[in-house]
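Each value in this text was obtained by applying a stated rule to the coordinates, not by laboratory testing. Just so you know, these numbers come straight off a predicted model, no measurement behind them. FYI the Cβ positions are ideal-geometry reconstructions off the backbone, even for glycines, and counts take in every protein chain you see.
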Amino acid sequence: MTDPELVHLDFDGGIATVTLDSPNNRNALSRQLVSELTDRMNTAAATADIRAVVLSHTGTTFSAGADLSEASTGPMTGTASGLLALIRTIVDLPLPVLARVDGNVRAGGVGLLGACDVVVAGPRSTFAITEARLGLAAAVISVSVLPRIDARSASRYYLTGATFDAAEAQRIGLVTLAADDVDAALATLTADLLKASPQGLIESKRIANRGVREAIERYGDEMVDLSARLFASEEAHEGMTAFLDRRPPRWTA
């Protein structure tokens, strides 16, 4: 039996919409979801007359980050490599990628936003970089997040795992625009993008993403190794088990 599709791709008026649709596990970055999302992005880029991609979601969560049920049952090297490849795909895609967020974004989901060119967040959006609370670190996603946000905010939210809203996400550089009406804001942005030439968009994106691309090349493999090592540690096992059991980990007792 074929697993249900977790990522959908639709086309309308020169815009491709890629939708994360795994609300039962809060659009966690499972191996299947990461693989499908990578495939949908590449399909959109290869489709004639498409000028931009909108990355959206169903449910109340854009993405909760790593699928901890997978992480607690096996090595994470392949998963970390897959996430890095997905981030690279979004950054190098020859189309602008706009994230439409109106829900919760956690951990690895924040890394997806860092890879996108433009992020619009609605009033229901909240954000947190929660890895440190689980005995982990925001390793792979750092290649797309750290070039976007200011250093003091990176220290604060990497270390504390505290939750922040869309206005704060815009202030620190993670979000482009905090909007009361996400769809209206996206309509304005996509209309502006459609006025630009394909060549102009490709080269402008390449220039704007220079810092992220350099971080991927310089630190990507190191962060994959660090992520796999941390996920395999006893402390991370305790943190993930505590999260799945809905209890505090032993270091907070």
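At a glance:
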{"read-out": "Asp180-His8 FRET efficiency (beta carbon distance; Förster radius 30 Å; 0.05 resolution)", "value": "0.70"}
{"read-out": "Contour excess over end-to-end distance, with Cα ends at Leu194 and Glu234 and 0.36 nm allotted per residue", "value": "9.4 nm"}
{"read-out": "Pairwise label distance in nanometres, Thr60 with Thr252, each label 7 Å out on the Cα-Cβ vector", "value": "1.8 nm"}
{"read-out": "5 angstrom amide H check on Asn104, placed H, neighbours 5+ away", "value": "Thr61, Phe62, Thr126"}
{"read-out": "At R0 = 35 Å, FRET efficiency that the Cβ-Cβ distance of Leu159 and Asp49 yields, to 0.05", "value": "0.15"}
{"read-out": "Estimated Rh, the stretch 140-253: Kirkwood, alpha-carbon pairs, angstrom", "value": "17.5 Å"}
{"read-out": "Rounded, prolate or oblate (a/c below 1.5 giving rounded, otherwise prolate when a/b exceeds b/c) for the stretch 207-253 by Cα gyration tensor", "value": "prolate"}
{"read-out": "Student exercise, the stretch 145-242 dipole from Lys, Arg, Asp, Glu Cβ charges, in Debye to nearest 20", "value": "480 debye"}
{"read-out": "Cα pair distances in the stretch 7-180, grouped into 10 Å bins until the bin that holds the longest one, percent each", "value": "10, 42, 37, 9, 1"}
{"read-out": "When the stretch 24-98 is reduced to its Cα atoms, the Kirkwood hydrodynamic radius in Å", "value": "13.3 Å"}
{"read-out": "Charge context of Val34, other residues only, Cβ under 15 angstrom, K/R +1, D/E -1", "value": "-3"}
{"read-out": "Of Ser69, Ala46, Pro248, farthest towards positive along the dipole that unit charges on Lys, Arg, Asp, Glu beta carbons give the chain", "value": "Pro248"}
{"read-out": "Cα-only radius of gyration and Dmax that characterise the stretch 89-170, units Å", "value": "12.2, 36"}
{"read-out": "Charged-residue dipole, Cβ positions (Lys, Arg, Asp, Glu), the chain about Cα centre, Debye nearest 20", "value": "600 debye"}
{"read-out": "Mean residue ellipticity (222 nm) of the chain, computed from DSSP H runs ≥ 4 via -39,500 (n - 2.57), nearest 500", "value": "-14500 deg cm²/dmol"}
